[in-house]
Ligand SMILES: C[S@@+](CC[C@H](N)C(=O)[O-])C[C@H]1O[C@@H](n2cnc3c(N)ncnc32)[C@H](O)[C@@H]1O
């Protein structure tokens, strides 16, 4: 990057920061006070070293959850030597199986953004079985050729909200969304904002290729995490969750991947219950 383009990029960043400070001064300042802890965590992880205990064999089985032999996606990819291309990081196959296995064999509606050479769409069909419905989205017209009786292809830009409106008019249910499209933060953000509310209860939102530390989409996700930890509507009977908390069951982070699981039904209260009769006096609740 030349000095001029680096300067331009810094200037743009500064403009963005100024804009949010003008729009939400208090919240922006509060977030700024979190910067030291954020950097502290980053620095800690950069210098992190395993201790001697990590050289031991795991003392119980069951975790690491998915072994190569029991993951049909791994068997599929390892034997896929010819035909339509599939481009994925190797470690994604365990993550897919971990979150997707409950849908195998059922009537599941899967959307993958980013079709490229069509191989991953075939893989989903093989994995989920003949009852699944597959929707593919790509910006390139050429990808229309992968349409068939169980796969619908939509040509459009995932960063275009109007495209998603048309898509949702045509596709009423999506159970699993895999964002493997352009991988730019703005594309990932628009896609999430348009499609996370549209995901069915119990559905899975899977975003791939979140690359680089201090990635803008990752920062956006950290904003979502702040909401997940909200404790704003506290009462005697517990916490009345926000709409976001009541529907977002969990968020999972892996190298380059974030998975968001939607609740099967909304959580109505978040409560903490004491169980037992013997308590130390130093804490009151
Ligand atoms: C990494 S490839 C997808 C790989 C494929 N899913 C696989 O597993 O083999 C990325 C795809 O995203 C598409 N793409 C790039 N920008 C896009 C955008 N703004 N909207 C929709 N698709 C986009 C590209 O045309 C390309 O086909």
Checked segment 158-174 for anything touching a strand residue (DSSP E or B) at 6+ places or on another chain (Cβ under 9 Å) and near the ligand (Cβ under 9 Å from one of its atoms); matches are 158, 163
Of the candidates 107, 141, 112, the one satisfying the condition of being within 18 Å of residue 175 (Cα to Cα), within 16 Å of the ligand (Cβ to nearest atom) and touching a residue at least 12 places away in the same chain (Cβ under 8 Å) is 112
Tell me yes or no: at least one residue of segment 175-192 is surrounded by fewer than 18 Cβ atoms within 10 Å (Cβ to Cβ), more than 15 Å from the ligand (Cβ to nearest atom) and in the same structural domain as residue 134 (by TED's automatic domain parsing). no
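Return yes or no: is residue 269 touching a strand residue (DSSP E or B) at 6+ places or on another chain (Cβ under 6 Å) and within 19 Å of residue 103 (Cβ to Cβ)? First the steps, then the outcome.
Working: touching a strand residue (DSSP E or B) at 6+ places or on another chain (Cβ under 6 Å): yes; within 19 Å of residue 103 (Cβ to Cβ): no.
The answer is no for residue 269.
Yes/no matrix, rows are residues, columns are (1) surrounded by 11 or more Cβ atoms within 10 Å (Cβ to Cβ); (2) over 27 Å from residue 257 (Cβ atoms); (3) at pLDDT below 90; (4) not assigned by TED's automatic domain parsing to the domain that holds residue 131:
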residue: 10; (1), (2), (3), (4): no, yes, no, yes
residue: 15; (1), (2), (3), (4): no, yes, no, yes
residue: 40; (1), (2), (3), (4): no, no, no, yes
residue: 60; (1), (2), (3), (4): no, no, yes, yes
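Going residue by residue through segment 196-203, is there one that turns out to be in a helix (DSSP H, G or I), surrounded by 12 or more Cβ atoms within 10 Å (Cβ to Cβ) and outside the structural domain of residue 28 (by TED's automatic domain parsing)?
Of the residues in segment 196-203, the ones in a helix (DSSP H, G or I) are none.
Looking through segment 196-203, none of the residues is in a helix (DSSP H, G or I), surrounded by 12 or more Cβ atoms within 10 Å (Cβ to Cβ) and outside the structural domain of residue 28 (by TED's automatic domain parsing).
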Filtering segment 65-104 down to residues that are in contact with a strand residue (DSSP E or B) (Cβ under 6 Å, 6 or more places away or on another chain) and either without any contact (Cβ under 8 Å) to a residue 12 or more places away in the chain or within 15 Å of the ligand (Cβ to nearest atom) (or both) yields 95
Of (1) surrounded by 14 or more Cβ atoms within 10 Å (Cβ to Cβ); (2) within 11 Å of the ligand (Cβ to nearest atom), residue 134 fails just (2)
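The values are calculated or read from the model by the stated rules, or taken from the named source; none is laboratory data. Please read these numbers as outputs of a predicted model, since none were measured by experiment. Neighbour counts run over all protein chains shown; Cβ positions are idealised from the backbone, glycine included.
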